[in-house]
Amino acid sequence: MDARFFVGQIVAHNRFGYRGVVAGVDPCFSLSEEWYEEVARSRPPKDQPWYHVLVDGAMHTTYVAERHLDASEDASQIDHPLLVYCPINN
């Protein structure tokens with residue numbers, strides 16, 4: 001199965017409304033069964049892509065099933081401590 005989003009793409013969570021940037025893509029769910037049972041309450045499919053997302057304006061990352069993400073219409077810079085902003089001087 002092909003992933004819908006790519007590393008570096010800005011996405012929005014369609015249930016919780018936060019924005020973030022994709023930092024990694026797993027072709028299928030790769031965390032523990034315990035994590036899935038405790039955190040993935042909507043029971044998204046494990047056999048579809050999951051994404052590691054750096055959350056805008058936060059210190060944490062999330063692990064999100066593809067069905068909960070959309071491409072963000074807001075392309076402004078993501079604010080996350082794991083990102084380094086390097087402006088290009090013309």
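The table for this structure:
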quantity: Unique residue being within 14 Å of the chain's Cα centre (by Cα) and farther than 15 Å from Tyr18 by Cβ when the list is Pro45, Pro81, Pro49; calculated: Pro49
quantity: Of all residues in the range 40-64 being of a type in the set (A, V, I, L, M, F, W, C) and farther than 17 Å from Val7 by Cβ, the one that is most open to solvent (accessible area, probe 1.4 Å); calculated: Met59
quantity: Contacts under 9 angstrom Cβ, first residue in the range 1-24 being open to solvent by less than 60 Å² (accessible area, probe 1.4 Å), partner basic (Lys, Arg), 6 or more apart; calculated: Ile10/Arg19; Val11/Arg19; Ala12/Arg19; His13/Arg19
quantity: Test: residue in the range 31-45 that is farther than 29 Å from Ser76 by Cα and small (Gly, Ala, Ser); calculated: yes
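The values are calculated or read from the model by the stated rules, or taken from the named source; none is laboratory data. Everything quoted here is computed from the prediction, not taken from an experiment. Cβ: placed from backbone, ideal geometry, glycine included. Neighbour counts: every protein chain shown. Note: areas computed on protein heavy atoms with side chains; ligands, DNA, RNA excluded. Shrake-Rupley method; radii C 1.70, N 1.55, O 1.52, S 1.80 Å.
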